[in-house]
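Worksheet: one structure, shown below.
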Amino acid sequence: MRKGYDYRSLVETLCRHEREEEWFEFKSGNSNPERIGMYISALSNSAALCEHPFGYLIWGVDDSSHRITGTSFNPKKEKKGNMDLESWLAVNLSPRVPFSFITLEFDEGRTVVILEVSAADSQPVSFQNEEYIRIASAIQPLKKYPEIERKLWLSFDRESIEAKLADSDLTIEELSSMLALDEYFVMQSLPMPSSEEKKIKTFIQEGFVTVEDNGKYGITTAGALLFARNILAFPSLASKALRLVIYSDDSKLNARNDITFAEGYAVSFNSICSRIEDELKKIENIGSVYREEKSLLPVAAVREVVANLLIHQDLTARGSSPCVDVFTNRMEATNSGALLVPKDRIIDAPPKVRNEVIAAFLRRMHFCEERGSGFDRIEEGLGVMHLPSVLVETDDDFTRVILAWPDSFQQWSVRDKLRTVYYSTCLDYIRGRSTTNASVRNRLGLPEKDISIVSRLVQSAVTEGLLKLEDPASGPKARKYIPYWA
C-alpha cells in the first residue's frame, strides 16, 4: 500500500476504462485463496509485460458495466488452514513480490477491496511453483505461451533508473509547481502551449512525466533531474544536485565558496558553466594601457566536462553529489560510478552512457557533443591552448576528470607530458592525421629549438608502449607514430 496514494481516484479511473486490461480485473465475489494466489502471479507478470508498475484485482465492481456494486469480501478475516490469508499467499509466492489489500468505503455503504500487486522486476512471479499470465481476461500458465514468456524476460531489462518515479500521485497544479515546464519550450524556441495540460502532454511524450493509474501524474527521475525547480525537493534525488566548490589555493583546506545548483540540469546548465568560466578568467596586462581577460581553460572543454559529469553519474549511488572543484591551478569534476571505458581509450572507444535519456536531451540542446566525441573535443581545445591532456582517475565507485593549467611547460610532470603525447596521437589517428615529432612539438607549444626534447619524449612514449611506429622501416626523419592499439 502506497502511503497517501489516492486509491479512490484509482477505482474511479479504472471504472472509466472501456474494458479490463491485462494488468487489472474487476470481481464481484470469489475469495478462493488459490485463485487469488494465481491472480497475484498473473497480474504481477502482466503488469511487467505492459510496463505498468502495479497490477490490480478489485472486488466490488461489476466486470461488465464497471459499476461500483460493493463486496462482502474482507481479506483481514480470510484464512487458509491456520494461517491468515496474506501470510499464506506470501509464502506460496516466488519471488515474494510485494502486494497489499486496501479496503475503501464508497457511498451507500458500498465496500471496495483492492489487491495491489507490484510488477515483477527481475524474474516471473510464480504461485505454488507455477507462473501465470493474463491472456485477455483469462489466467493461463505462462509456460503455454513461450513467445510471451520471452517478451516478459526481455521486459526486465527495459526500465532504466531514469524511468523510475521520483514523485507520484500529483495533480496538475502540484506538477507545475515542481517542474519548470516553460523552460522546455523557451530553450528550444518552441511556441508556448496555451495550457498546462498541453505542456504536460509534451513532457509525457518525452518520458519526463507519466500518467498514473488513478489519473494523476508522476515525475520520472529523468524529468526531475532535467527540469526540477528544486532537485532538493525530491528526497530520492537530493544528493544529485551539482555542487561547485571554489578554493583559494591549490588545496582543499581553504574553500571560499560552496554553491549548490538546485535547479534541474537542463535549466541550470548554462548558469553552472558560466559560473565556472567566471572563476577561470584571468586579467593579462598588454603594454601599459590595455588589459585583456582570458580564460585559463577552453570554454568548450569545460562544458564537455560538466555535461559528462552529469550524464555518466551512477544514479543508484546515494549520498554523493556530482561536484566540480576549482583550484588556483586545476579544475576537478567528480561523479559517482566507475568509468565505463578503459582510461587509455577515452578518445576512440565506442561510447557507453549510463543515463541515455538525460544524455540525449543535453545533446539535443547542444550542451555537449554527440556520442563518443566529448573527449575528442576536450583534447582538441586543450591542444589549441597547449595545456596538458585531461587526467582521468577512476575506481569502482567514482570517476574524476582533471584539467590543469601549469604556468609553463617546465611545470608539467613527466606523466603529464607522456599522457599528452599519447592522447594527441589518438586524436590524430581517429581523424586520419599523421603524428610526427613536429606535430607533437606543435601540440606542446614548444619552439623549434626544443626539437631534441620532443624527440626524447616521443621515444619515451614508444618505450612505455603508448605509441608505435606507423612504418618500422622508415628512417629517423620520416617517422610517423600511431597509438599502440592501432
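Order GLU130, GLU183, most accessible first, counting only protein heavy atoms with a 1.4 angstrom probe.
On the way: GLU130 45, GLU183 70 Å².
Listed by decreasing accessible area, they come as GLU183, GLU130.
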Extension gain ASP121-ASP157, at 0.36 nm per residue separation less the Cα-Cα distance, in nm?
12.1 nm
With a ≥ b ≥ c from the Cα gyration tensor eigenvalues, square-rooted, and the rule rounded for a/c under 1.5, otherwise prolate when a/b > b/c and oblate otherwise, region 323-399 is rounded
Sort out for me the Cα centre separation of region 48-97 from region 374-411, rounded to whole Å.
58 Å
Under the rule of -39500 (n - 2.57) per DSSP H run of 4 or more residues, summed and divided by the residues of the chain, what mean residue ellipticity at 222 nm is obtained, to the nearest 500 deg cm²/dmol?
-10000 deg cm²/dmol
Computed from the coordinates I sent, mean projected area of the Cα convex hull in nm² equals one of (i) 37.2; (ii) 22.1; (iii) 32.3. Tell me the label.
(iii)
Taking K and R as +1 and D and E as -1, what net charge do the other residues with C-beta under 15 Å from the C-beta of ALA136 add up to?
-3
Can you work out the accessible area per residue across the chain, with the rest of the protein chains kept in place, probe 1.4 Å, in square angstrom?
48 Å²
Extension reserve of the LYS343-ASN129 stretch, reckoned as 0.36 nm per residue once the Cα distance is removed
72.4 nm
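Mind running the shape call on region 7-84? Use the C-alpha gyration tensor, a ≥ b ≥ c as the square roots of the eigenvalues: rounded below 1.5 for a/c, prolate if a/b tops b/c, oblate otherwise. Show your work: numbers first, answer last.
On the way: a/c = 2.15, a/b = 1.25, b/c = 1.72.
In terms of gyration-tensor shape, oblate.
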Using a 7 Å offset from the Cα along the Cα-to-Cβ direction at both ARG364 and ARG35, what is the distance between the two label points in nm, to one decimal?
4.7 nm
Note down the accessible area of MET331, probe 1.4 Å, to the nearest 10 Å².
0 Å²
Modelled FRET efficiency - R0 22 Å, ASP6 with ILE139, Cβ distances, 0.05 increments:
0.20
Under the rule rounded for a/c under 1.5, else prolate if a/b exceeds b/c, else oblate, using alpha carbon gyration tensor axes a ≥ b ≥ c, region 14-150 is classed as oblate
Quick check for you: which residues of region 425-452 have the amide N under 15 Å from the point 7 Å beyond the Cα of GLN459 toward its beta carbon?
437, 451-452
Please tell me the relative contact order of the chain in percent, rounded to the nearest whole number, where contacts are Cα pairs under 8 Å and at least six residues apart.
9 percent
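Full-extension gain between ALA438 and SER87, please, as 0.36 nm times their residue separation minus the C-alpha to C-alpha distance.
Using 0.36 nm per residue and subtracting the Cα-Cα distance, I get 118.7 nm.
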What's the FRET efficiency of LEU104 with ASN270 using the Cβ-Cβ distance as r and R₀ = 51 Å, to the nearest 0.05?
0.60
THR463 - accessible surface, heavy atoms, 1.4 Å probe, Å² rounded to 10
110 Å²
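Rounded to the nearest 0.05, what FRET efficiency do SER248 and MET385 give with R0 = 22 Å and r taken as the Cβ-Cβ distance? Could you check? It would help to have the intermediate numbers written out before the result.
Numbers: r = 24 Å, r/R0 = 1.09.
The value I calculate is 0.40.
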First compute the accessible area of the chain with a 1.4 Å probe, then give the percent of it belonging to carbon and sulfur atoms.
48 percent
Separation between the GLN205 and GLU279 pseudo-spin-labels, each 7 Å from Cα along Cα→Cβ, expressed in nm?
3.9 nm
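The values are calculated or read from the model by the stated rules, or taken from the named source; none is laboratory data. Not measured: the values here are computed from a predicted model. All Cβ positions, even for glycine, are placed from backbone atoms using ideal geometry, and neighbour counts span all protein chains on display. Heads up: the accessible areas ignore ligands, DNA and RNA and are worked out on the full protein's heavy atoms, side chains in. Shrake-Rupley method; radii C 1.70, N 1.55, O 1.52, S 1.80 Å.
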